[in-house]
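Have a look at the structure below before the remarks.
Just so it is clear, none of the values below were taken in a lab; they were calculated from the coordinates. The structure presented is a predicted model; accordingly, all values stated were derived computationally and were not measured. Quick reminder, even Gly has a Cβ in these numbers, built from the backbone with ideal geometry, and neighbours come from all protein chains shown.
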Amino acid sequence: MNGARAEPLSQVVAALDTIIIGKPQQVRLCLACLLARGHLLIEDVPGVGKTTLAHGLARVLGLSWQRVQFTSDLLPADIIGVPIFDRATQQFQFRQGPLFTQLLLADEVNRASPRTQSALLEAMEERQVSVERATLKLPEPFFVIATQNPHEQLGTFELPESQLDRFLMRVSLGYPDTQAERRLLAGREPRELLDTLPAVLDAGALLHMQNEVRDVHRAGPLLDYLQQLVAHTRARTDLKLGLSPRAGLGLMRAAPAYAYLDGRHAVLPEDVQAVLPAVATHRLQRRDAVPESGRSIAAELLRAVPVPT
Amino acid sequence: MNRPGWWTTLRAVQRRRAAAWIRRRQGADALPVTLQRRRIYILPTRAGLGFALLLLVMLVAGLNYANSIALFLTFVLAGLSLVSMHACHRNLLQVRINRIDTEPAFAGSQALVHLVLMEDAGLPRPDIRVDGDGTTGTVCDLPMHAEGRLELLLATPRRGLMPLGRVRITTTYPFGLFRAWTWLHPPHTITVYPAPAGARPMPIAPGARQGTHMHGPDADEWSGLRAWREGDSPRQVAWTVYARGLPLMVKEYSAAGSDDRLFDFAALDGAGTEQRLSQLARWILDAESAGARYALRLPGDRIQTGHGLAHRHRCLAALALYQPPARTTTPEPSHATG
Amino acid sequence: MQPGDDRRARLWLLGAFLGGIMLHLSQLPPWITLGALLCAAWCLAGIVGRVPLPGKRLRGALVAGLTIGVLAAFHTLNGLAAGTALLALMGAMKLLETRTRRDGYIVVAVALCLLLAACLGNQDLPHAPLYLVQAWLCVTALAATAHPQAAAHTRRLASLSARSLLLALPLAMAMFLLFPRLTGGFWSVGASRVSTGLSDSMSPGSISELGESSDPVFRVWFQGPPPPPQERYWRGPVLHEFDGYTWRRTPGLQYPAEQLDYTGAVYHYRVRLEPDTGPWWLALDTIRSTDAAGATITPDRQLVARHPVHDPVTYDAVSYTFTRSTDRLNHLTQLLDTALPPRRNPRSVRLAQQLRAAAPDAHAFVTRVLDLFRHGGFSYTLTPPLLDLNSVDDFLFNTRQGFCGHFASAFVTLMRAGGLPARVVTGYQGGEWNPLGGYLLVRRSDAHAWAEIWLQGQGWVRVDPTAVVAPERLRRGALDVLPDAGSASERLMYEITWLNRLHQGWDAANAWWSTRLVGYDFHAQSRLLQALGLSARSWQQLGALLTAALGLWLLAVTLSFNRLPRARPHRLARAYALLCARLGSAGFARRPDEGPVTYARSLATAPQAFGAAARQLLERYARLRFGADTPTEAELEQFERDVRGLRLARRSSRR
């Protein structure tokens, strides 16, 4: 199963590593999320390269993309589109909003009003929008990479738990370590590098890979492991809610994608362990509501549940 | 049933002793709890005692008439009751209590306790019941490798954090001749809100937008644009949009908005602590049902304006847990818990 | 119980109650059966059609009226029959008010009591399946009453009760065998039934009445081979007195005994008498000793019960086929057994005197008389003509057709007239060998009568005049010899071999049932315990045995039914566990939350000697365990071998 990783994929990883320095794990998680057809939430303080990462992904994957800066006065119509009255035909025609793209970068998603948020999240879930009794399909593939700023509380609308659940992964970039920081400072500005990134893939190739991810083997003991992990969160009393079945399915989608990135056609417990923090933490909350507790819950979880043999 | 008083007293004392003994023996339970042999108790039911009496009659008759078939029948039924005992005990064995969730309740009503049971030993478990001291709960059948839910209503006489106490899981399966049970001592507590009461008018938060009139009937929150239709008022048309070369659009307003409120404990003068808390609870409920946003201020605590179920719970829980400051000390300023 | 929710439970209750009534259908007075069935129908209408059930007042009136009715019919409320009737009625009443769970339990109890009453009334094998079904019905009704919601799954409920009964069976067996039995009852049980066996008198035709029925009388199990057919004489009442028509045995008269030498073949056997055989117990001629507790051996070698017994009886006995006595016959016997009624059967007496005078000795006289039977134109029949008061004269000189009783009676009369002490012995002769059960079955149609004469120097000698007339009677039995013995269907059975075999099988099952199960009483229990080496019948020993049986049963039940399935570790998992254990012993323990790849990575600091090999093994494990292809047997074996063959270098600790 250690077959050669799909060649273009390693190029993608390599290209992204040049613009996001010192964060190979986060880059892999983001890629795995997209390979698993999931939407991605990047949560971090400003200036650590969230937008750069999103741009880089779109470019390298060769997808059409749109960026929307979410603000409090952004209306659902501003992202979905509006019906326009055509004087010539005396009829309304629908003008597509930025949503109709393959990769939507929703910057600072938590700044928008709940109405706009829910319009976006509904589109993410359904992969289609309803306008004036008509249903419009979104392009294939369709991803949302949303970023949000956790520490900026004023003027933000916290995403409710049910909507957080729509994101397959939540990834934090964090500050680079000293070595990476040094390289960052010494090298060229990542934003400039963005323009030099080649488009390694295109939509067709990505769809093909997504289909291959579906065929990655999940052995019985691995499913046991997943079940035990999920069951453990439900059994714990210090958590508000256990992992939902949707979260379990999310793990089951993300882990194969991670294995595929590694060039394997079978999921190992390590793959589950690698994606679990990103998949599970935004869905778990302690009863005592210590806000940053998500990450440590994932670690506790992994420590508490033995790997099946 | 009319029992003499001394009998009732004796039973109560005996029950208390048994409860204390079981508590000492088992200790507190940390969930999940898997029911093992040593914590499952079993005794015949009334029907079981009646059955034993019937067996005795059959035995005497069989022996007296030296009737082998009657004796054999008696012994088969005796064996059956032992099988029944065994099956009853086994019906609880290895059942796992995964979660216990308590729902907050108002004082003077009943709190709902949810238990989530899990069968993971590969044996269907019919007829599992839950009850507590003096209350009976629901029944459920646990299929193989599956979860089951039980519910129990507990009386909540007083405001505050009420310990869940002990909960009993019982079964009389399969023949009702024996009852097997186990006591759980979960560390859970129930938040008991003060009983909502009082009829004072709801106060309005200082600085709330009063008298500002917005377009649209009773509406103040702008919620979006829609295409212009025949009959729309020109005052509602979004002219700025039209100016950008886009077609005629109409602004829409949602009817949800209402004025913010502040519920202040200190502002309720002249009443006892409990009455004030009850009045605050009443207001919170009313505001919530009216869709208003509200803030709560208690001596030493303040909850920001908000609304929704989570906010309601936070406010009511604060009321539930409120401890009046001791008389000798002056009330702490609000930064104590802030 | 919620109404509606418990319909099925009530149907089961109805079924159990009706089952109880059915068991008593033949005993209960028709009006009671009818009443119970009406109540049941009303109940059924209430369940199915939601017909309102009677109110409290109507039920009260019904109960009072029915109790009076039972009193009027039985004149008592005590006793099995009246009790059963009352129980049936009360159960039917309860059926009409099954509202609470408690009512349901009471109906189950009534149904069980009806079953108990049926068991007390009849213990035959054919009833056993009915009892079994009724027990199952009652238990199912109990389960349905206890858990009305479980009654929705009929099949599951039915199998639950059946399985539970099956599980209870071994324990019931042990308790049945070991539970201390009583020698008598707690209180005496009055029974008034007519015995149907041999009587202590014989008149012409009385034996042939017996011969018309082929009901079993007793069964015999021999230690070793059974005696040949012509030796199978089962001795019953010995008759001494004759009034010219009827032979009798005077009740209470003490007949004197003779000293006997027992010779010939010896037989050890066990007899199982059917119930109501009467006081005359049967033994192979001539009995030497028995363990029968309720019976004694009389001086004329009969086995007689001291008290009439209505239950089936089992006893062991030892018999010899031949005896002799060199003593002189005592005077009283001489007097009794040569007496003839005066002025009766004059022609016969004259004939005997003539023959005796012509014969040189007693032997010759006996031979002459037997020759007379052999060549005198006599025939053997089950339906001989009626005889007049001088029965022997009428038989010998007119009808010449007779059954065994006629020949025995005539022979003894002739002997006594000739001066030889002689007596009539009644009993059974022959029996059907049942190869399936290994026993001899003797029926009423095997009833027989023969003669005994006293010969100086030999003692009492058995002479069977019937054997002279119809020699095959001894070898093949009455059914075979007489065309009209037994009913038509029995004859058919007898003639068709496979039907006969079937019949024998059924009889063997019946015999097993009645001896092993029904007949397992205090004595049988004693015998069993003796065989087990428990000579002293102490309650402590039984208690210990019972406890041991209970423990064993509990253990078996726990082991076989309480085993909650637990997955056996997979072969690969075992090998992996071994690998981890071995690496752990070298200082590289695996944390439980480490997967194989992480574990392999943590081996980076391991010495080159085994680190690479171990990492390679872990990778292989990951591929075998989590890969898409199911590992082949060969791969598994190779992996196991390699794990065992891994060479380790010790190191103190990993981290």
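Observations on the model:
- Computed FRET value (nearest 0.05) for residue B:309 with residue B:275, which takes r as the C-beta separation and R₀ as 25 Å: 0.45
- Nearest-20 debye value, the protein assembly as shown charge dipole, Cβ charges on Lys, Arg, Asp, Glu: 2580 debye
- Solvent-free Debye scattering, log10 I(q)/I(0), computed from the Cα coordinates of the range B:27-191 at q = 0.08, 0.10, 0.16 Å⁻¹: -0.32, -0.46, -0.89
- Amide hydrogen neighbours beyond the local backbone of residue C:323, cut-off 5 Å, H modeled: C:263
- Charge sum, other residues only, whose C-beta stays under 10 Å from residue A:49's C-beta, Lys/Arg counted +1 and Asp/Glu -1: +2
- Between residue B:57 and residue B:289, the simple label model (points 7 Å from Cα in the Cβ direction) yields a spacing of 5.8 nm.
- Where both bridge residues fall in chain A, DSSP classifies roughly 40% of the beta bridges as antiparallel.
- P(r) weight above 14 Å for the range B:261-336, C-alpha pairs, percent: 59 percent
- Shape annotation for chain C: C-alpha extents along the principal axes are 130, 78, 49 Å, from largest to smallest.
- Karplus (6.51, -1.76, 1.60) ³J(HN,Hα), θ = phi - 60°, over the range C:614-620, in Hz, Gly and Pro reported as x: 5, 4, 5, 5, 5, 5, 5
- Share, in percent, of DSSP beta bridges within the protein assembly as shown that are antiparallel, nearest 5: 80 percent
- Residue-by-residue Karplus 3J(HN,Hα) for the range A:23-34, coefficients 6.51, -1.76, 1.60, Hz, glycine and proline x: 10, x, 5, 5, 4, 5, 4, 4, 5, 4, 4, 5
- Mean separation of Cα contacts under 8 Å (6+ apart) over length of chain C, as relative contact order %: 12 percent
- Relative contact order computed over the range B:1-137 (Cα-Cα under 8 Å; 6+ residues apart), in percent: 21 percent
- Positive dipole terminus of the protein assembly as shown, leading residue within A:207, A:45, C:257 (C-beta point charges): A:45
- Loop-located trypsin sites (Lys or Arg not before Pro) in the range C:295-368 (DSSP state other than H, G, I, E, B) with a sparse environment of at most 13 neighbouring Cβ atoms within 10 Å: C:306, C:328, C:343.
- Under the combined filter of DSSP loop state and at most 14 neighbouring Cβ atoms within 10 Å, the range A:188-241 retains these trypsin sites (Lys or Arg not before Pro): A:188, A:240.
- When +1 charges are put on Lys and Arg Cβ atoms and -1 charges on Asp and Glu Cβ atoms, the dipole computed for chain C relative to its Cα centre reaches about 4220 debye.
- Each of C:93, C:65, C:25 was scored by the projection of its Cα onto the charge dipole of the range C:7-167, and the greatest displacement toward the positive side belongs to C:93; charges sit on the C-beta of Lys, Arg, Asp and Glu.
- Across the range A:172-180, rounded Karplus estimates of 3J(HN,Hα) from the backbone phi angles (6.51 cos²θ - 1.76 cosθ + 1.60, θ = phi - 60°) give 10, 8, x, 5, x, 6, 4, 4, 5 Hz, Gly and Pro being marked x.
- Cross-link partners of residue A:137 among aspartates and glutamates (Cα-Cα below 17 Å; sequence separation of 8 or more within a chain): A:122, A:125, A:126
- Label point 7 Å beyond Cα of residue C:298 along Cβ direction - residues of the range C:423-440 with amide nitrogen under 17 Å: C:423-428
- Computed label-point distance, nm, for sites residue C:97 and residue B:323 using a 7 Å Cα→Cβ extension: 5.9 nm
- Orientation-averaged projection of the range C:571-645 equals 4.7 nm² [convex hull of Cα atoms, one quarter of hull surface area].
- For the range C:1-82, the percent of C-alpha pairs falling in each 10 Å distance bin, counted from 0 to the bin holding the largest distance, reads 16, 41, 33, 10, 0.
- Computed over chain A, Kirkwood Rh from alpha-carbon pairs, angstrom: 20.4 Å
- Cα-centred dipole magnitude for chain A, charges only on beta-carbon of K, R (+1) and D, E (-1), debye, nearest 20: 380 debye
- Helix A:7-19 axis versus longest C-alpha principal axis of chain A: approximately 80°, rounded to the nearest ten.
- Separation of the residue B:109 and residue A:228 label points, Cα + 7 Å toward Cβ, nm: 4.3 nm
- Note on C:506-517: average number of Cβ atoms from other chains within 10 Å of each residue's Cβ is 1.
- Spherically averaged projected area of the convex hull of Cα atoms, the protein assembly as shown: 81.3 nm².
- Cα lying deepest toward the dipole's positive end in chain C, options C:52, C:333, C:266, charges on Cβ: C:52
- FRET E, pair residue B:237, residue A:122, Förster distance 22 Å, beta-carbon r, rounded to 0.05: 0.20
- Hits among lysines - C-alpha to C-alpha of residue A:23 under 16 Å, sequence gap 8 or more where chains match: A:50
- The range C:263-379: relative contact order as a whole-number percent, Cα under 8 Å and 6+ apart: 27 percent
- Principal axis analysis of the Cα atoms in the range C:7-167 yields extents of 45, 41, 22 Å, listed in decreasing size.
- Placing R0 at 35 angstrom, the Cβ-Cβ distance between residue C:509 and residue C:38 gives a FRET efficiency of 0.40 after rounding to 0.05.
- Within chain A, helix-based [θ] at 222 nm, where runs of 4 or more DSSP H residues each add -39,500 (n - 2.57), nearest 500: -14000 deg cm²/dmol
- Share antiparallel - DSSP beta bridges, the range B:261-336, percent rounded to 5: 50 percent
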